[in-house]
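Undergrad: Dropping the structure in here first, questions after.
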Amino acid sequence: MTTTGRGFIDGVRAVARVGAIAVLPAGVLPATCTPDAESASGGATALDVTTTVDTIDGVVRVSNAGTPPRWRLTQVASIGPKSLSETGSPDEFGRVYDVALGPDGDVFVADGANREIRVFGLDGVHRRTLGRKGEGPGEFDGLYSVAWLGDRLLALDPHLGRISEFSAEGAYRGQRRVRGALSGGSGWVRFYPVGADEAYHVTLAADLAPGRWWEYIGLDSRGETGDTLLLLAGPSAATIRCEVGDRISFFQVPFGPKLVQRPGPGGVMHSAITDAYRIALTDTDDDTVRVIERSLPAETISDDEWAEGNSGYRALRDSFPLMSCDPRRPPRPDAKPFIEQIDIASDGKLWVEVIREAGNRWEVFDAEGRLVAGLPVPAERHYFLPPAINADHVLTVRRGDLDLEYVDVWRIERPLDRGPGQGRPFR
């Protein structure tokens with residue numbers, strides 16, 4: 001079942017087809033019952049997770065309903081200046097472009113403004129600094145992203161078209177070339193880790209096709225894996241274009257659907273159109289191999305929320321009454337989108353940030369697409385920078401007073417009857 005372009009979009013939006021169905025009750029899933037599990041709407045309810053699996057034409061469809069076990073995050077450190085008067089300390093960042101988790105509790109921070117990798121412990125204590133501005137071995141002209149793969153740290157410098165490698169102790173171990181010299185947003189030109197020794201980086205496609213300008217190149221600690229995934233075509237966030245004289249402005253339509261994508265383990269792309277809770281997994285041939293669905297009620301957009309979302313647009317129209325806009329009025333969606341973003345943890349689990357009126361939540365799915373946990377998303381975080389997630393910790397970036405940046409370190413806590421190596425339990 002090929003799903004390129006419109007076929008892919010229709011496949012993601014498609015209503016479930018009837019086929020051979022297996023219903024797995026919550027007790028069969030790798031999830032733990034807890035009497036105080038939080039419901040998707042933020043209230044307390046008994047745990048009740050059911051997963052339904054059907055396969056048609058080689059496509060596995062996994063549907064999840066109910067309330068998953070509750071995990072939670074406990075903040076263990078906040079890496080950043082302790083006061084506005086502090087200057088020049090290692091935890092005062094010029095601009096954080098990326099964060100990564102390494103072995104032995106290492107926190108790697110790519111400071112793109114200072115062209116340095118600053119290494120901290122999970123306790124926030126500075127350990128060492130790697131690199132500097134330059135074009136020599138171990139130096140950076142555009143430090144965009146870092147990732148720990150296997151036994152080494154990789155640092156992406158798209159300006160110089162190379163990946164530098166370092167040992168856990170910070171010793172320079174050589175470099176790899178990457179195609180072209182790129183620039184762009186730090187949340188876009190980056191590594192996308194999908195396993196303990198597997199990641200992707202984005203670059204220009206080798207054979208450009210209409211609407212297919214970018215591709216993801218798979219790599220591990222030994223070099224490129226041979227997996228190449230194209231960025232799929234689909235809707236971007238809906239915008240309004242306004243013109244008056246030589247001035248052109250663009251406004252994003254509040255609550256509008258968009259296509260979000262992340263490469264995943266084993267040469268599979270995870271994609272979702274955000275107005276449905278449905279993630280399609282496509283292989284290197286753009287064939288859909290699995291669809292993960294989640295049953296949640298839609299949430300309506302209140303008049304106050306709609307007015308607040310369009311306040312900037314209305315202010316500009318009031319200032320320039322002769323401004324021409326297309327469309328003239330932002331189309332109001334029927335409901336809020338379900339998905340803000342999707343991410344892949346270093347253990348291969350899928351983390352979906354779900355938009356809920358009670359507060360955004362992460363919902364976690366295993367490699368088979370079964371819902372295994374839910375936990376609140378930190379209220380303050382930098383949405384252009386994906387979190388770094390491993391089996392036990394999460395790193396998020398936020399901006400504080402005077403645009404100062406902080407890297408927050410969170411420990412994942414799970415119910416008491418989780419097995420060893422599953423993070424710290426809680427009561």
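Undergrad: Report the extension gain between D326 and A65 in nm, rounded to one decimal, defined as 0.36 nm multiplied by the number of residues separating them, less their alpha carbon distance.
TA: My answer for the length gained is 90.0 nm.
Undergrad: What's log10 of I(q)/I(0) for the stretch 303-427 at q = 0.09, 0.10, 0.14 Å⁻¹, Debye sum over Cα points only, no solvent?
TA: With one equal scatterer per Cα and no solvent, log10 I(q)/I(0) is -0.40, -0.48, -0.79.
Undergrad: While we're on this one: When the Debye formula is applied to the Cα atoms of the stretch 65-109, each taken as the same point scatterer, what base-10 log of I(q)/I(0) results at q = 0.21, 0.23, 0.29, 0.30 Å⁻¹?
TA: -0.89, -0.98, -1.17, -1.18
Undergrad: While we're on this one: Using the per-residue mean of other Cβ atoms lying within 10 Å as a proxy for protection, in what order, highest first, do the peptides 111-119, 219-227 fall?
TA: 111-119, 219-227
Undergrad: With a 1.4 Å probe and every protein chain left in place, work out the accessible area per residue of the stretch 74-151 in Å², rounded to a whole number.
TA: Numbers: 3130 Å² over 78 residues.
That works out to 40 Å² for each residue.
Undergrad: Given the C-alpha centroids of the stretch 258-296 and the stretch 328-346, what is the distance between them in whole angstrom?
TA: The stretch 258-296 and the stretch 328-346 have Cα centres separated by 15 Å.
Undergrad: Evaluate the distance, in nm, between pseudo-label points positioned 7 Å from the Cα of E92 and of S167 along their respective Cα→Cβ axes.
TA: 3.3
Undergrad: I'd like to compare 262-268, 190-196: which one has the highest average count of other Cβ atoms within 10 Å, and what's the full order after that? If you can, show how the numbers build up before the last one.
TA: On the way: 262-268: 21.1, 190-196: 22.9.
Going by the mean number of other Cβ atoms within 10 Å, highest first, we get 190-196, 262-268.
Undergrad: Still on this model: Within the stretch 110-269, what whole-number % of the accessible surface is contributed by carbon and sulfur, with the 1.4 Å probe and all protein chains included in the calculation?
TA: The computed percentage sits at 50.
Undergrad: What is the spin-label model distance, in nm, from D304 to L204 if the labels are put 7 Å beyond Cα along the C-beta direction?
TA: Modelled inter-label distance: 5.0 nm.
Undergrad: A further question follows. Could you sort the peptides 399-411, 383-395, 127-139 by per-residue average Cβ neighbour count (10 Å cutoff), highest mean leading?
TA: 383-395, 399-411, 127-139
Undergrad: Out of the total accessible area of the stretch 299-427 (probe 1.4 Å, heavy atoms of protein only), what percent is carbon and sulfur?
TA: Here it works out to 48 percent.
Undergrad: To the nearest 10 Å², what's E299's accessible area with a 1.4 Å probe?
TA: Around 30 Å² of this residue is reachable by solvent.
Undergrad: What does the extension gain come out to for D220 and D287, with contour length at 0.36 nm per residue minus their alpha carbon separation?
TA: So the chain would gain 21.7 nm between D220 and D287.
Undergrad: Also, quick follow-up: Skipping prolines and chain starts, which residues have an amide H placed within reach, meaning under 5 Å, of the one on G264, given they are 5 or more residues away or on another chain?
TA: M269, H270
Undergrad: With θ set to phi - 60° and the Karplus curve 6.51 cos²θ - 1.76 cosθ + 1.60, what are the ³J(HN,Hα) couplings of the stretch 313-319 in order, to the nearest whole Hz, using x for Gly and Pro?
TA: 5, 5, 4, 5, 5, 5, 6
Undergrad: While we're here: Taking the dipole about the Cα centre of the stretch 52-99, with the C-beta of Lys and Arg at +1 and of Asp and Glu at -1, give me whichever of I79, V53, P68 is farthest to the positive side.
TA: P68
Undergrad: State the extension gain, in nm to one decimal, for the chain segment bounded by A358 and T50, taking 0.36 nm per residue of separation less the distance between their alpha-carbons.
TA: On the way: separation 308, 0.36 × 308 = 110.88 nm, distance 2.30 nm.
Between A358 and T50, full extension yields an extra 108.6 nm.
The values are calculated or read from the model by the stated rules, or taken from the named source; none is laboratory data. Model, not experiment: these values are computed from the prediction. We place every Cβ from the backbone using ideal geometry, glycine too, and count neighbours over all the protein chains shown. Side chains are part of the model used for accessible areas, which takes the heavy atoms of the whole protein and leaves out ligands, DNA and RNA. Shrake-Rupley method; radii C 1.70, N 1.55, O 1.52, S 1.80 Å.
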